[in-house]
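This report concerns only the one structure given below.
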Amino acid sequence: MLELRGVSKRYSGMLAVDHVSFVASPGEVTGYLGPNGSGKSTTMKMITGLIERSSGEILFEGVPIERDLSAYKQRFGYVPEEPHLYAHLSGLEYLVMVGQLRNLPGKPTRERIDGLLRLLGLHGDRYTPISAYSKGMRQKVLLAAALLHDPDLLLLDEPFSGLDVGSAMVLRSLIQELAARGKTILFSSHELETVERVSSRVVILHRGKVVADDSIERLRKLMSLPSLEGIFSQLAMEQDTAALTREIADLIRK
């Protein structure tokens, strides 16, 4: 179980994340939503230990992550929002390097890498430099790297970016399968329809604060709205979308 207790991040006096608290449980997919600039990626980076929080606690299985950060990092897989990779390496070389950095056993890891490359449709390009990969292919390499050590916690920040329709369908199904096998999954995406399909519950962030934390079904009932898109629009969007689109359409007709 991943738990955040009053977590905040301050930059130059401004609160990017403001006393955020929620729980992501094993066997569930927790959707983490918010407009651009709401603090989603900052939260993810604090959970991974990439940046320090200003206050609050982050616990995994009841233990503060900083108590043994190295051991904690062995327990999670992370797909960041931007696919920053060593472009001069091939996909195969990159995954071998990740396995070595994690001190994974040689032969089983090579077999797992080969299997992941095949199943993710990258095997034919395994010797091709990543610099020649499309954004979707790079995203698949990041996903393979995140799964390579069979993590207990999976942190996915915009994992569908650049994926074609078929690959997106596979990833949706994979997220649900991993949750069914007891993984804890925190999943941030702008694709509300996808979040609605795969998530057990959602946490919605607005201006760095949690404005909703519940199952999608309960939020629908509480707010008398039929979809996650409607809920998100009411809780986290400041402009009237319909009015804004009318103004744009009117403007270009002039």
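The values are calculated or read from the model by the stated rules, or taken from the named source; none is laboratory data. All values reported here derive from a predicted model rather than from experimental measurement. Because the Cβ atoms are built from the backbone with ideal geometry, glycine has one as well, and the counts that use them run over all protein chains shown. These accessible areas exclude ligands, DNA and RNA; they are computed on the full protein's heavy atoms, side chains included. Shrake-Rupley method; radii C 1.70, N 1.55, O 1.52, S 1.80 Å.
Of the residues G162, G121, which is part of a loop (DSSP other than H, G, I, E, B), modelled with pLDDT under 95, over 21 Å from the mean Cα position of the chain (by Cα) and not aromatic (F, W, Y)? If you could, list the steps in order and put the result at the bottom.
Numbers: G162 fails: over 21 Å from the mean Cα position of the chain (by Cα).
Of G162, G121, the one residue that is part of a loop (DSSP other than H, G, I, E, B), modelled with pLDDT under 95, over 21 Å from the mean Cα position of the chain (by Cα) and not aromatic (F, W, Y) is G121.
Quick grid of which residues meet (1) within 24 Å of P108 (Cβ to Cβ); (2) without any contact (Cβ under 8 Å) to a residue 60 or more places away in the chain; (3) among the hydroxyl-bearing types (S, T, Y); (4) in contact with a Pro (Cβ under 9 Å, 6 or more places away or on another chain):
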site	(1), (2), (3), (4)
D150	yes, yes, no, no
L163	no, yes, no, no
G166	no, yes, no, no
M169	no, yes, no, no
E177	yes, yes, no, no
A180	yes, no, no, no
E191	no, yes, no, no
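D157 meets the conditions (1) open to solvent by 40 Å² or more (accessible area, probe 1.4 Å); (2) under 18 Å from V198 (Cα atoms) in every case but one. The failed one is (1).
When each of S41, S21 is tested for being open to solvent by 20 Å² or more (accessible area, probe 1.4 Å), among the hydroxyl-bearing types (S, T, Y), in contact (Cβ under 8 Å) with a residue 60 or more places away in the chain and assigned to a helix (DSSP H, G or I), the lone residue that passes is S41.
Quick grid of which residues meet (1) surrounded by 19 or more Cβ atoms within 10 Å (Cβ to Cβ); (2) of a type outside the set (D, E, K, R); (3) outside any strand (DSSP E or B):
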| site | (1), (2), (3) |
| --- | --- |
| G6 | no, yes, no |
| V17 | yes, yes, no |
| G27 | no, yes, yes |
| S70 | no, yes, yes |
| Y94 | yes, yes, yes |
